[in-house]
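Student: Input: one structure, supplied below.
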Amino acid sequence: MTIHHISRRRRLTAASAATALLFTLAACAQDGGDGQETAKPSYPTHVHALALKPGTTDVLIASHEGIYEVSGSELHPTGANIDLMGFTVDGDGVYLASGHPGPGVDLPDPVGLISSADGEDWTRESLAGKSDFHALTVASGGIIGFDGTLRLSADGRSWTDAPAQFTPHSLAGSPSGPLVLATTEDGPLVSNDSGLTWSPLPDAPVIMLAAVTESRLVGVLPDGGIRISTDSGQSWDPAGSVLGYPAAVAAAETENGLQIWVMTDAGLEHSADGGQTFSIPVEQPAAAP
């Protein structure tokens, strides 16, 4: 596979985003589950992924302190204090995650792949003490994760190395189909077979974050601009822009059209008009003086 060359300006922009990610990941390293469990803060310190609660448009925030559920303008911390570096929800509504146990949590460090029906109790699935997936998603053909190696699993228990290896900034798929989008510093790559093979999208912008719905791809640029594709990434239409620096994205097709949620340093931003405009239903608290 040949990754097409991009301009120096685009490369530097994406590299800056990748550098920011590395600093975030380093800041999220923590000790294992020794000591007593501590109370979660009312607002997460670092957000790694967004997903939707199964069967709803209620947002789940996967963070340094575990899961926060969004209700209107409020956040509700729930479940174990686990640094969820990777997080996704499969087609059966099962939560899949990876990362590090917080204080008082009886899991190995790293946790490998773990699963939960509701974010409260977690089950070890595979690679306990071995893998920390910083990018994790699902497609109709199984799970795709990156822990330094791009890996594929049909059942969450046994894994194979993907034939094509590269370093994704993020992975985005949908359990309803085989398409997966990977964002990289050289531009996005697309797979139409659940991660077995990948192709570059040479005419696409350098996307930092992505979400996949039944009929569209949503891309978030490093500067917060939103791009929408209706042809599996071959072309991208500009939409609006979020107000803060983006950290995670989720999207859904609803009876009222495409909805998009982006976690930024301004808070949780939401668009009900396909990314044209954004409001901030949950604002990030002001820093203490």
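The values are calculated or read from the model by the stated rules, or taken from the named source; none is laboratory data. Quick caveat: nothing in here was measured; it's all calculated off a predicted structure. We place every Cβ from the backbone using ideal geometry, glycine too, and count neighbours over all the protein chains shown. SASA here: full protein model, heavy atoms, side chains in, ligands and nucleic acids out. Shrake-Rupley method; radii C 1.70, N 1.55, O 1.52, S 1.80 Å.
Student: Find which of VAL262, LEU136, SER229 sits farthest along the positive direction of the dipole of the chain, computed with +1 on the beta-carbon of Lys and Arg, -1 on that of Asp and Glu, about the Cα centre.
Tutor: Going by the charge dipole, the pick is SER229.
Student: When only C-alpha pairs under 8 Å and at least 6 residues apart count, what is the relative contact order of the chain, in percent?
Tutor: Relative contact order here is 12 percent.
Student: Between ASP121 and ASP203, how many nm apart are label points set 7 Å from Cα along the C-beta direction?
Tutor: Spacing of the two 7 Å Cα→Cβ label points: 5.2 nm.
Student: Here's something else I'd like to know. In nm, give the distance between the simple-model label positions of SER73 and HIS46, each being 7 Å from the Cα along the Cα-to-Cβ direction.
Tutor: 3.0
Student: Okay, moving on. What do you reckon, how do HIS169, HIS134 stack up by accessible area (1.4 Å probe), largest on top?
Tutor: Details: HIS169 40, HIS134 70 Å².
Result of the area sort, largest leading: HIS134, HIS169.
Student: Give a residue-ordered list of calculated ³J(HN,Hα) values for segment 210-219 (Karplus: 6.51 cos²θ - 1.76 cosθ + 1.60, θ = phi - 60°; whole Hz; x for Gly, Pro).
Tutor: Those phi angles translate into 8, 9, 10, 10, 4, 10, 9, 10, 10, x Hz.
Student: If you wrap a convex hull around the alpha carbons of segment 215-262, what volume per residue comes out, as a whole number of Å³?
Tutor: 77
Student: Taking the Cα centroid of segment 74-102 and of segment 147-187, what is the distance between the two, rounded to the nearest whole Å?
Tutor: 18
Student: At a probe size of 1.4 Å, how large is the accessible area of HIS76, to the nearest 10 Å²?
Tutor: For HIS76, the solvent-accessible surface is approximately 80 Å².
Student: Report the calculated FRET efficiency for TYR245 and THR277 (r = Cβ-Cβ distance, R0 = 22 Å), to the nearest 0.05.
Tutor: Values: r = 18 Å, r/R0 = 0.83.
Using R0 = 22 Å, I get an efficiency of 0.75.
Student: While we're here: With label points built 7 Å along Cα→Cβ from the Cα atoms of THR56 and SER232, find their separation and express it in nm.
Tutor: Simple spin-label model gives 3.4 nm for this pair.
Student: Determine how large the accessible area of THR160 is when every protein chain is in place; take a 1.4 Å probe and give Å² rounded to the nearest 10.
Tutor: 90
Student: So for THR254, THR137, THR277, what's the accessible-area order with a 1.4 Å probe, most first?
Tutor: Descending accessible area places them as THR277, THR254, THR137.
Student: Kindly give Rg over Rh for the chain, based on alpha-carbon atoms, with the Kirkwood expression for the hydrodynamic radius. All intermediate terms of the calculation are to be shown ahead of the outcome.
Tutor: Details: Rg = 17.6 Å, Rh = 18.8 Å.
Here the Rg-to-Rh quotient is 0.94.
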